[in-house]
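What follows is calculated from the coordinates using simple rules that are stated; it is not laboratory data. Everything quoted here is computed from the prediction, not taken from an experiment. Glycine also receives a Cβ, built like all others from the backbone with ideal geometry; neighbour counts cover every protein chain displayed.
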Amino acid sequence: MLTLLDDTTLVYRMLIGLGGLCERGVSFFHLKSPTTQVDARSSARSISSLATIRLKLTLQTSIKLHSKLEMGYLKLTFVVTTDASLYGIGAMLQQDDDDGLRPLEFYNKRMPSHKVVASTYMRELYALREALDHWKHYLLGRPFKVFSDHETLKWVQAQNNPSTTLTRWLHEIALYDFELKHKKGCYNRVADALSRHPEYMTCLMGSYDLRKNLKEELVEYIAKDPELSPILEQIQFDPSNQPDFHECKGLLFRRYGKYDRLCVPNHEPIRTHFLDLAHGWSGHFGFEKTYESLLQKFVWPGMKEMARKFVAECEVCQRIKPSRQKSYGLLHPLPIPDGPGESHSIDFTDMGKKSRNGYSQVMVIIDCFSKFLNLIPLPPHAPTDLVIKEFHKRYIMQCGPPKTLMSDRDTRFISADWKDFTYQNYDIKLKMTSDRHPEANGLVEEVNQTVIQLL
């Protein structure tokens, strides 16, 4: 089930716990009053809004003013804790000073895109390699300890037939003298927090601005949605009427196997916000990963096409991602017709001035085999029906219909009336050049220049 971040008991415990671990010497005694109820496993709602604001502000101020990160002592044993995720890697350097582990430095780094598809083992080993390389001025030449929540790293030196990349990493790691120990993920919170996307750590840091009142907006627009509101009313009246849905605090969820997906109402700002979470804040990956991320938590009609359009129109992706489309190659010349009357080229040329009869355009028709030329005068901005009439009267009635007709993408040539006239009446196959590519029909373009020169 989707859990929306709010001022819950878990948020307070994680915030106070991480602050106490990372910032030794920060005094929390003056905060006992608003946090005693939370620590006693009671509801966080009993805390007043004033106490909540005071708690957050005081924690931020205390941590900033009482930072205890210091330089390491070479005589003490170093302890490195690492973790990795699809988003990045995180590591923490500590020392044991007989009064518990004292943090020295923190390190995190974005996971390279080509390593996201690698196995969990390779990502965890990559995190260990990067952490050791980052703190090699502390760690080289002295024994230390390494903690990781991936237990298989303990047998890293016992690999049979390792790959080229793995062999290089093992050679670099072998330079260090360390003892690797397993730490359960529930105790590896600091390194885990450093490796996670800011979206999932809004309770610990203010680097990601979550939409304010998102839950209230969802409840409001679900109640107004013409498709979701009837389902919500039926569930509230009798839950057995909709076995695939269930309601929780005004939010509507749909069951898909073991998972529940949030039914997102038809409100564009909310849907765009969730699309941005799945794409923009998750690394600007392609459509497949964006849609897969959405499917894990959300559902709404047309979500697949909306996600495809969102990724295609992403400005960041268009700016930084190179095109991997294979080149289309060289243009091929038009096929040579077998005889006269098979293939014709047609185009319009503007003379730039009117004649005494009010004509200013010329419809140029040329036989691609015999080079027979036919010129039909037209008034300026001749409509499609007039073009069809003159083409039928002055060309088809005299020379007969061709098999194929080559033209550019003039609005009159792509109109439905022209297509119906040529295909349905005479079964003429239309061939059109690319946009802004007149050289594809070079024969008629050369004739246009000659016509303008003569007239």
Distance check, please: which entries in LYS371/LYS403; LYS403/LYS431; LYS115/LYS321; LYS215/LYS304 exceed 21 angstrom between their Cα atoms?
LYS215/LYS304
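Going by how many other beta carbons lie within 10 Å of each one, how would you line up GLU390, GLU124, GLU172, fewest first?
Values: GLU390 15, GLU124 22, GLU172 12.
Fewest-to-most Cβ neighbours within 10 Å comes out as GLU172, GLU390, GLU124.
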What is the dipole size for segment 74-200, taken about its Cα centre, with +1 at each Lys and Arg Cβ and -1 at each Asp and Glu Cβ, in debye to the nearest 20?
280 debye
Pair GLU288, LYS393: separation of 7 Å Cα→Cβ label points (nm)
6.0 nm
Under a crude label model (7 Å from the Cα following the beta-carbon direction), how far is ASP410 from ALA158 in nanometres?
8.0 nm
Under 13 Å from the ARG308 label point (7 Å along Cα→beta-carbon), backbone N, segment 253-288
287-288
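Just subtract the alpha-carbon distance of VAL451 and ASP98 from 0.36 nm times their residue separation and send over the number in nm, one decimal. If you can, show how the numbers build up before the last one.
Working: separation 353, 0.36 × 353 = 127.08 nm, distance 9.76 nm.
Contour length minus Cα-Cα distance gives 117.3 nm.
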Would you calculate the separation in nanometres between label points at GLU220 and LYS419, each defined as 7 Å from the Cα along the Cα-to-beta-carbon direction?
4.6 nm
Placing +1 on the Cβ of each Lys and Arg and -1 on the Cβ of each Asp and Glu in segment 214-320, which of PRO269, GLN296, LEU228 has its Cα farthest towards the positive end of the resulting dipole?
GLN296
Where the centre of each part is set by its Cα atoms, how far does segment 248-279 sit from segment 392-455, in angstrom?
52 Å
Here the FRET efficiency for LEU330 versus LEU443, based on Cβ atoms and R0 = 30 Å and rounded to 0.05, is 0.95
Work out, step by step, the length gained on full extension between LYS184 and SER370: first 0.36 nm times the residue separation, then minus their alpha carbon distance; give nm to one decimal.
58.6 nm
